[in-house]
Structure formats: C-alpha cells, structure tokens
Amino acid sequence: MIFGKIDFINLLPFHVFIKRYARSTRFHQSLHYHKGVPSALNREFAMRRIDAAFISSITAKNCRHFGVGIVAQREVLSVLSLPNADKADADSATSNLLAQILNVHGEVLIGDKALRYYYNGGEHIDLGGLWHERTGLPFVFALLCTHHHTDELRRLSRAFVSKKVKIPYYMLMEASRKSNLSPAQITHYLKFISYKVGVKEEKGYKRFVGEAKKRGLNPSFGKIRY
C-alpha cells in the first residue's frame, strides 16, 4: 500500500499509531509512504498514484472511508484567516472553500505555519471556531480515504480511534524541531483536534458539502486532477 503522508502536527498522533500498528501486523511489509501537502495528495489520490491518505473533505465526498478524519469540535488554531488582502493557501483545498462559505475575507493560512502565527499572537479569525459558532457543529477538515485495501483500512481505522495515542518524548521533540513549535505548544494544540467521525461530525461534514454545492463551490475529482 502506498500511503500519502502529511507532515503536519495535526497528524502526529496518527503517525505514532501507524508506526506501532505496522510493526505489530504484517502491514509493514507492504507499507510505503508518499509525502506531500494536502492539495498535492488530493491530486495524487485522484490520479490513483497513492492508495490511501487523509484527503481534503471537500474532495472526499465519494471516497471510501471508515469514520476517521481530522476534526475540530470548535476552534482549530491551525486554519486561520489573517487581516490581509484575500489570498488562498496553496497547500489547502477545504480551508479555502470554508473561508468563502463563511464569507470571511483575508489571507487563509493552514497547518504548522498557521500554528506559528497563532502562538506568536497574530491577529486572526479561527475558521473552525467560526464554523461552530454559526452551525453548532464540528468541522471535518479531512477524511482517511482509500481506493483499495478496504479491509485493512477498516481494521486500521477502528484500531486508531479505539484508544488514545501517547506520543513518545523523542517524537515530540523531533516534531518540535521540524515545526519550530515548542513541545508545550504542540501538546496544547492537539487538544483541539479529534479523529473519530461519528454522527455529529458526519452531520457537520454533510452541512459543509451541502453549503459548498449550494454556492457552486464544490469541486469534483475531475477538477483537481490537472
């Protein structure tokens, strides 16, 4: 299986989990990683160059998934609108559309660079927080999707959400070095992220897709392939 890997802090618990999971099963014999930012992995997945990945939720509506995603129950800290001229984040698909749906103008910033901006005290609007304020629902930023290997991904997904993942100290320090965020900041941020897509999360996801479609903002896989 070729697995798309996003090296953002919000997926650090999943990377810890899959490393242990692969070692404890035969899964490690077939696991290969393909790294990229969310927008790039969307295209790679659409072109079937990778078998599974966390796919931006706006492009994942017709994909196989088993209830695992990147979820903000309220504030997210890592998806922000800055008080600058309107500018999309090239790494993103879903977050740019979320800003449009919320009618928020400014520069969209996502991922670790958004976290650094947040912890430096920069002025911003938290798009996850604003979505919850207006809808009362969580926001699903990505879904763990697959083309093939559905039985394996179902088992993996169930195992991932079945218990809390403890991040080893050495991996926390490595993530701190790569992201230029302190271990305390990373630990604090991860309290705002959850991964199980249950009934309420699915309702929030469908609300987002419906709002995008209503406004003619809903891209298809055909659009992101090229």
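Residues of the stretch 172-189 that are in a helix (DSSP H, G or I), within 25 Å of SER56 (Cβ to Cβ) and either among the aliphatic types (A, V, I, L, M) or in contact with a Gly (Cβ under 8 Å, 6 or more places away or on another chain) (or both): ALA175, ILE186. Of all residues in the stretch 130-168, those satisfying the criterion of being in a helix (DSSP H, G or I) and modelled with pLDDT of 95 or more are LEU130, TRP131, HIS132, GLU133, ARG134, THR135.
Being in contact with an Asp or Glu (Cβ under 6 Å, 6 or more places away or on another chain) and either in contact (Cβ under 8 Å) with a residue 12 or more places away in the chain or closer than 24 Å to ASN62 by Cα (or both): is that true of LYS87 here?
So LYS87 fits the description; yes.
For the stretch 190-220, filtering for residues that are buried (at least 18 other Cβ atoms within 10 Å of the Cβ), outside any helix (DSSP H, G or I) and modelled with pLDDT under 95 leaves 0.
So, in the stretch 17-36, of the ones that are of a type outside the set (A, V, I, L, M) and either part of a strand (DSSP E or B) or at pLDDT 80 or above (or both), which residue ends up least open to solvent (accessible area, probe 1.4 Å)? Among those residues, the one meeting the criterion is PHE17. Within the stretch 51-65, the set of residues being closer than 17 Å to HIS15 by Cα and surrounded by 24 or more Cβ atoms within 10 Å (Cβ to Cβ) comprises ALA52, ALA53, PHE54, ILE55.
Consider the stretch 66-91. How many of its residues are open to solvent by less than 50 Å² (accessible area, probe 1.4 Å) and at negative phi?
Residues meeting the conditions: 13.
Of all the residues in the stretch 37-50, those that are open to solvent by less than 30 Å² (accessible area, probe 1.4 Å) and not hydrophobic (A, V, I, L, M, F, W, C) number 3. Across the stretch 92-116, the number of residues qualifying as open to solvent by 60 Å² or more (accessible area, probe 1.4 Å) and either assigned to a helix (DSSP H, G or I) or under 19 Å from LYS206 (Cα atoms) (or both) comes to 4.
Somewhere in the stretch 118-138, is a residue in contact with a His (Cβ under 8 Å, 6 or more places away or on another chain), open to solvent by less than 10 Å² (accessible area, probe 1.4 Å) and in contact (Cβ under 8 Å) with a residue 60 or more places away in the chain? Among the residues of the stretch 118-138, at least one is in contact with a His (Cβ under 8 Å, 6 or more places away or on another chain), open to solvent by less than 10 Å² (accessible area, probe 1.4 Å) and in contact (Cβ under 8 Å) with a residue 60 or more places away in the chain, which makes the answer yes.
The values are calculated or read from the model by the stated rules, or taken from the named source; none is laboratory data. All figures in this text were calculated on a predicted structure; none of them were measured in a lab. FYI the Cβ positions are ideal-geometry reconstructions off the backbone, even for glycines, and counts take in every protein chain you see. Heads up: the accessible areas ignore ligands, DNA and RNA and are worked out on the full protein's heavy atoms, side chains in. Shrake-Rupley method; radii C 1.70, N 1.55, O 1.52, S 1.80 Å.
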